[in-house]
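One structure is given here, and the rest of the page talks about it.
Any read-out appearing in this document is the output of simple, stated calculations on the displayed coordinates, not a laboratory observation. This is a predicted model, so every value here is computed, not measured. Here the Cβ positions follow ideal geometry from the backbone for every residue, glycine too, while neighbour counts run over all protein chains shown.
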Amino acid sequence: MSPRDPALAGDFHVHSTYSDDAVSSLGENIAAASAIGLTQLRLVDHVRSSTTWVPEFVRAVAAERVPEGLTIRTGVEAKILDSSGALDIPADLRLGAGGIDAVLIADHQFPGTDGPWSPRTTAAKLEAGLAVGDALDLLVTAIVGAMHSVAAAQLAHCFSILPKIGLAEDDLTDEHLAVWAAEAALTATVVEVNEKWACPGPRALAAARAAGVVLVASTDSHVATDVGRYSTVARLLAVTP
Ligand SMILES: [Zn+2]
Ligand SMILES: [Zn+2]
């Protein structure tokens, strides 16, 4: 048996009630992380360009008591809007001192040439003749653009969009993955291995690790009882060279 990967002592993607689809408070998530023995926790909620609660969220996290042995970071999760890599974040978003620690770049919709394409629209375009290679070029270009647009970001459940549009990570070429990994390393972007979406897979993770990208574990928890509990992520990390 391989030893437990040290990344499993962290959970870098935990939602609170600041996201409309999550049920636990910041304090409940922090307590759950501490109880399960995590040393690193990133508190993350969904934003759009219209979101106004980020300063309040930052103050609320700062007001929480931090249990001994636990380091807390913050983040906001935002979708990539188009193939340029533009992100759906508030214009006045503050990163670093007095603000959040990182933006989580999410492929919730397909980053199309003229804005976000729903999975259904993207599947229809593929059906109507959009070449798989061209679609994947758009996706990788968008992720790279997004990584360059914000400092020290984190890729949330990267490539989770692919099964939703009828594709798989195996459709990505080695060159796609090499570019993706090299640009993540260049921009100091962290890649999370996501329990809920079971991605990225071993090929992408191997490319990332070979490029020197930091891999972190995440549950994408929407309820405190899920914080820090891994099965798929442990398996993915164990098989990644
Ligand atoms: Zn997400
Ligand atoms: Zn999330």
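Figures for the structure shown
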item: For V190, residues with placed amide H under 5 Å, excluding near neighbours; result: A153, Q154, L155
item: Where labels lie 7 Å past Cα in the beta-carbon direction, separation of A168 and S25 in nm; result: 4.5
item: Candidates per GluC sites (Glu not before Pro) in the range 1-92, loop by DSSP, up to 11 other Cβ within 10 Å; result: E68
item: Equivalent ellipsoid semi-axes, the range 1-40, via Cα gyration tensor eigenvalues times 5, rooted, Å; result: 24, 11, 7
item: Beta bridge orientation in the range 54-149: antiparallel %, DSSP, nearest 5; result: 40
item: Helix 132-149 axis, angle to the chain major axis (alpha carbon atoms, nearest 10°); result: 40
item: Hull volume in cubic angstrom per residue (convex hull over the Cα atoms of the range 94-147); result: 79
item: Fully extended contour minus Cα-Cα distance, from D134 to A238, at 0.36 nm per residue; result: 34.2 nm
item: Per-residue HN-Hα couplings for the range 98-114 [Karplus 6.51, -1.76, 1.60; θ = phi - 60°; Hz; x = Gly/Pro]; result: x, x, 7, 7, 7, 9, 9, 8, 10, 9, 6, 10, 7, x, x, 5, 10
item: Where labels lie 7 Å past Cα in the beta-carbon direction, separation of A97 and S118 in nm; result: 4.6
item: For R73, distant residues with modelled amide H under 5 Å away; result: L41, R42, L43
item: Euclidean distance of C-alpha centroids, the range 158-192 and the range 69-100, integer Å; result: 20
item: Rg and Dmax of the chain, Cα atoms only, in Å; result: 17.3, 56
